[in-house]
Structures are given as structure tokens and as C-alpha cells.
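Read-outs throughout are calculated quantities, based only on the coordinates presented, and are distinct from any laboratory measurement. These figures come from a predicted structure and were not determined experimentally. Glycine gets a Cβ as well: all are built from the backbone with ideal geometry, and neighbour counts include every protein chain shown.
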Amino acid sequence: MCYSYSPADWAANNSQLYNGSDCTRNTAELVRAEALRVVRETDDLSSRGQTDSGKKLGERINDINYWKQEIMRELDLNVTDGHKFLETRQALERMIKELDGPLHIAQENLYARESRLGNIILKS
């Protein structure tokens, strides 16, 4: 089948196609502009989020470093105190050993005195 168009039909069809393509082009430009706006907005949000995350991570790193230093300082104090306690214990053990002789002598004197008192009480 062969269709025959008159020049008026052709002009009307051509005008309709032209107007339709013009409308489609305008819609495409609006969609493109909206897409660019959304891309820019998303990029801005991403940049702000990344900046905020970077700041928060930096603050967290500083906090962790601070507490790490505090723990290390406390650990050093504990080690120092441990050494002092050990030195004090050793000094006390030496003193106890040094007091063994005088204690033994005092005990012998006490036993001797008690035995004399026993003799005195028995004689009376």
C-alpha cells in the first residue's frame, strides 16, 4: 500500500513533528539541568559529610592518643611504685633478719628471768 500525502498534509505532519521534537528537546534540557543540580547537591553533601567525618576522626585520634599517653603514664607510675614496694619489702626483710639476733637474746633473757621468778615464788 502506498500512501500519498498532499503538501498540506506533509506540512502539517512536519510541523507536528517539529513541535513535538522541540517539546522533547525542552524536556530533555530540563531533565539534564535537574540531573546536574542533583549531582552538584549530592557532591556538596558528600563533601560536607567527608569533611565532618574527617574532623570527627581527627578528634577521635587525638582522644585516643591522649588516653594512650595517660595509660602509659599510669603504667610507668605503677612500675615505679612496684619497684619501690619491692625495695621496701627487701629492706623490711633485711631488718627482720637483723632483728632475729636481738630477738633471740631478748627471748633467752625473758626465759631466764621467768625461770628465776619461778624459783623465787617456789621458795617463798
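Going by the conditions given, is R40 surrounded by 10 or more Cβ atoms within 10 Å (Cβ to Cβ) and more than 23 Å from the chain's Cα centre (by Cα)? Walk me through it before giving the result.
Numbers: surrounded by 10 or more Cβ atoms within 10 Å (Cβ to Cβ): yes; more than 23 Å from the chain's Cα centre (by Cα): yes.
Answer is yes for this residue.
Taking region 1-37 on its own, how many of its residues are of a type in the set (A, V, I, L, M, F, W, C) and in a loop (DSSP other than H, G, I, E, B)?
Number satisfying all stated conditions: 2.
Can A8 be described as aliphatic (A, V, I, L, M) and exposed (fewer than 10 other Cβ atoms within 10 Å of the Cβ)?
yes
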